[in-house]
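The values are calculated or read from the model by the stated rules, or taken from the named source; none is laboratory data. As the structure is a prediction and not an experimental result, all values here were calculated from the model. FYI the Cβ positions are ideal-geometry reconstructions off the backbone, even for glycines, and counts take in every protein chain you see.
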Amino acid sequence: MPDAPVIVALDGPAASGKGTLGRRLASHFGYAYLDSGLLYRAVGWRMLREGKDPEDAAAAAIIAAELGENDLKSAELREDRVANAATIVAAHPDVRQALVGYQRGFAAKPPQGAPGAVIDGRDIGTVICPDADCKIFVDASVEVRAMRRLKELQDRGVESIYPRVLRDMEERDARDRNRPVAPLIPADDAFKLDTTDLDADAAFELAAAFIAARNKPDKS
Ligand code: C5P
């Protein structure tokens, strides 16, 4: 029997650096990478496109249940209006429930026979894969995250101002942290990685060392 895939649960708030970190860790260890936020964004995006109110839990749950690979490809998923809709649909328990199977399936059987999976999200270490081999909770001050987000928007040529980006980030954080179902909180056994004063290389080194140490054959 081949070993069970190694699961790396990478949770944290928006613009904490976990997307970049997750891709880099996956490529370093030869694991598959899943950005679970895309699933919630895809539900939010379809709600907006179909003229539905993201607060409509029943409609959102139907869309979540019938989500397909094609829904995950649009460049519009990266837009802030879609991120906002995503945080609203993500608070509906039936939406979350509809997306559990896909995420757990990815972890149990990573695509292309990869020996492991890095899954980035908000509740991977707490709800989706509570038995994950490695749990990392990436965080940074809201001001630093807003600055990073502003730079990313400006690099893409999107006009924006810091106070607005900061306010959006605070609102999104509050919704993710305070929702009753699967709130954004670190798992008790997560390695907490604060990237406020770290660049991407330093964050990668710390996370990679943690994963390597956890996966030593003699780990207890
Ligand atoms: O990670 P990203 O910013 O793309 O996620 C968009 C939104 O989707 C988050 O603000 C959060 O509300 C929701 N989400 C979630 N659980 C996850 C991933 C994302 O609730 N595992």
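Things to note:
- ILE185 surrounded by 14 or more Cβ atoms within 10 Å (Cβ to Cβ), touching a strand residue (DSSP E or B) at 6+ places or on another chain (Cβ under 7 Å) and aliphatic (A, V, I, L, M): no
- In summary, strands (runs of 3 or more DSSP E) completely within the stretch 102-220 and bearing 2 or more residues that are within 26 Å of ALA85 (Cβ to Cβ) occur at 116-121, 134-139.
- Annotation note: of ASP139, ASP120, the sole residue that is within 18 Å of ASP194 (Cα to Cα) and away from the ligand (no atom under 13 Å from the Cβ) is ASP139.
- Helices (runs of 4 or more DSSP H) lying entirely in the stretch 13-100 (those with 1 or more residues that are under 14 Å from the mean Cα position of the chain (by Cα)): 18-29, 37-49, 80-89
- Among the conditions (1) of a type in the set (A, V, I, L, M, F, W, C); (2) at pLDDT 95 or above; (3) touching a Leu at 6+ places or on another chain (Cβ under 8 Å), ALA58 misses just one, which is (3).
- Qualifying position, being in contact with a helix residue (DSSP H, G or I) (Cβ under 9 Å, 6 or more places away or on another chain), of a type in the set (Lys, Arg), modelled with pLDDT under 95 and within 11 Å of the ligand (Cβ to nearest atom), among ARG41, ARG78: ARG78
- Extreme residue, farthest from ASP35 (Cα to Cα), among residues of the stretch 79-110 that are charged (D, E, K, R) and either in contact (Cβ under 8 Å) with a residue 60 or more places away in the chain or loosely packed, with under 14 Cβ neighbours inside 10 Å (or both): ARG81
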